[in-house]
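A.B. asks: Encoded as structure tokens, here's the structure I'll be asking about.
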Amino acid sequence: MSEQAELLRQLRIDRNAAPPPDRRRWLWAGGIAAGALLLAVGGWLAFGRDRAVTVRTAEAIAIGEGGGNAAVLDATGYVVARRMATVSAKVTGRVREVLIEEGHQVAAGQVLATLDPVDADAQRDLAAAQLAAARSQIASVQAQLREAEANAARLSGLVRQQLVSQAQYDQAVAQRDALRAQRSAAQRNAQVAAAQLRLADQGVDNTVVRAPFAGVVIAKAAQPGEIVSPLSAGGGFTRTGIGTIVDMDSLEVEVDVGEAYIGRVKPEMPVEAVLNAYPQWKIPGRVIAIIPAADRSKATVKVRIALDVRDPRIVPDMGVRVSFLEQRPARQAQRPAGVLVPAAALARRDGRDVAFVVAEGRARQRAVTPGRELGEDREVLAGIAGGERVVLDPPETLADGARVRTADEDADATPERGE
């Protein structure tokens, strides 16, 4: 009996015992915590990253070491050709054939095009016929003159013997002199006819268009069948040229330098040119001349610059940036290396000159040693290395180690947000 009672006691439900834990309540609490964590992470991704300060940056440019050249002025301009010609025919005519295309290399005197020579050939044939007629007349007069001279010589002996009258002799002499005059006139007429033939030959040659100098064809202006004229006498549908040739060996650079800085530029001054198309290619050169005239509308003076390099990549009308270099004196040969940065990159913090260098998405404050003022740029002798990017116009709130974003990064990110 006692065992059965014990078994019944174990099967009895205790109404006063604590209830078992509710699993659903634990799952609900866990879900709320996970949601809060996801919201916190999402909020940081959406707003925490935007706490980075957006700044503009520029690259620090190394300006050499020791006795190297330092840039004292920068200017922009274009590549130009000193020898460039739009070749045309000397006469008005219809184009028969064009023998050039853009990019062709041509030699001096090479035939570029020909015009229809029908009229010129007719003029030449007429001049040749006139010359032949003049020469025939000379031969006829020459034969008559030989007879007249012989007759006058024979009568001269007879008149001395009084076998003929003096009148007959005088008539023979007059006839001889007249034929001599006719011969001289016929010879002059032949000379005129020969000159007209040479002129007609030149007219035929004028229907052939030749290159005035060696160069490269950069434009083809006419096609077979079109009328060309050096004076455009045929109206708006008449071409004035066959093509344009550029002597690539005459390429140079022309830049406009502000009046306030033209005093820094000297003849034969070394320069360094960088084409906009090839920003990593630095081309050495020198100043040829400073044009003694100013542009009052732009307050600039034009400067001609010769390039020391001949390369097919350099073509007319390319944009170029030129740095004028100044040779350092020997007493400054031990001057430490420096970099060139925009003056806006330097700031004052706690009485010191500093600059902020962007590295791994953060602005690092550097103490710097500023040097000379070079236009809108500033030389920095210590604190910044060439190739590093510096913050322009750093705000007062920008601290060392602060997260920053460059303006280029924001521009790249904007379309992604729009998508």
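The values are calculated or read from the model by the stated rules, or taken from the named source; none is laboratory data. Nothing here was measured: the structure is a model prediction, and the numbers come from that model. Reconstructed Cβ throughout: ideal geometry from the backbone, glycine too, with neighbour counts over all protein chains shown.
A.B. asks: Any idea which residue in the range 324-354 is modelled with the lowest pLDDT, counting only those that are in a loop (DSSP other than H, G, I, E, B), loosely packed, with under 14 Cβ neighbours inside 10 Å and not hydrophobic (A, V, I, L, M, F, W, C)? Explain how you work it out, then say what you get.
C.D. replies: In the first step, residues of the range 324-354 are kept if they are in a loop (DSSP other than H, G, I, E, B); the result is 328-329, 333-338, 346, 350-351.
Cutting the leftovers down to loosely packed, with under 14 Cβ neighbours inside 10 Å gives us 329, 333-334, 336, 350-351.
Subsequent filtering for residues that are not hydrophobic (A, V, I, L, M, F, W, C) retains 329, 334, 336, 350-351.
Working: Pro329: 53, Gln334: 47, Pro336: 54, Asp350: 85, Gly351: 84.
By that ranking, first place goes to Gln334.
A.B. asks: Please enumerate the residues belonging to the range 269-304 that are of a type in the set (A, V, I, L, M, F, W, C), surrounded by 11 or more Cβ atoms within 10 Å (Cβ to Cβ), within 18 Å of Gly258 (Cα to Cα) and over 13 Å from the mean Cα position of the chain (by Cα). Quick ask: steps written out before the conclusion?
C.D. replies: Residues of the range 269-304 that are of a type in the set (A, V, I, L, M, F, W, C), as a first pass: 269, 271, 273-275, 277, 281, 283, 287-291, 293-294, 299, 301, 303.
Still in the list and also surrounded by 11 or more Cβ atoms within 10 Å (Cβ to Cβ): 269, 271, 273-275, 277, 281, 283, 287-291, 294, 299, 301, 303.
Imposing the further condition that a residue be within 18 Å of Gly258 (Cα to Cα) reduces the set to 269, 271, 273, 287-291, 294, 299, 301, 303.
Selection gives Met269, Val271, Val287, Ile288, Ala289, Ile290, Ile291, Ala294, Ala299, Val301, Val303.
A.B. asks: Output yes when any residue across the range 105-119 is more than 33 Å from the chain's Cα centre (by Cα) and in a helix (DSSP H, G or I), and no when none is. Walk me through it before giving the result.
C.D. replies: We begin by selecting, within the range 105-119, every residue more than 33 Å from the chain's Cα centre (by Cα); these are 116-119.
Filter again for in a helix (DSSP H, G or I), leaving 118-119.
Scanning the range 105-119 turns up at least one residue that is more than 33 Å from the chain's Cα centre (by Cα) and in a helix (DSSP H, G or I).
A.B. asks: Also: Contact list please: Cβ distance under 6 Å, first residue in the range 201-226 and within 12 Å of Ala108 (Cα to Cα) and modelled with pLDDT under 90, second residue surrounded by 16 or more Cβ atoms within 10 Å (Cβ to Cβ) and of a type in the set (Phe, Trp, Tyr), pairs at least six apart or on different chains.
C.D. replies: Hits for this filter: zero, empty list.
A.B. asks: Quick one: Val95 ticks every box in (1) of a type outside the set (Asp, Glu); (2) under 25 Å from the mean Cα position of the chain (by Cα); (3) assigned to a strand (DSSP E or B) bar one, so which box is it?
C.D. replies: Here Val95 clears every test but (2).
A.B. asks: If Gln162 meets every condition in (1) assigned to a helix (DSSP H, G or I); (2) on the phi > 0 side of the Ramachandran plot apart from one, which number is that one?
C.D. replies: (1)
A.B. asks: On to the next question. If a residue must be closer than 13 Å to Ala345 by Cα and more than 35 Å from the chain's Cα centre (by Cα), how many such residues does the range 377-397 contain?
C.D. replies: Our first condition is that a residue be closer than 13 Å to Ala345 by Cα; within the range 377-397, this holds for 377-380, 383-384, 388-396.
With the extra rule that they be more than 35 Å from the chain's Cα centre (by Cα), the set shrinks to 383, 394-396.
Adding up the residues that qualify gives 4.
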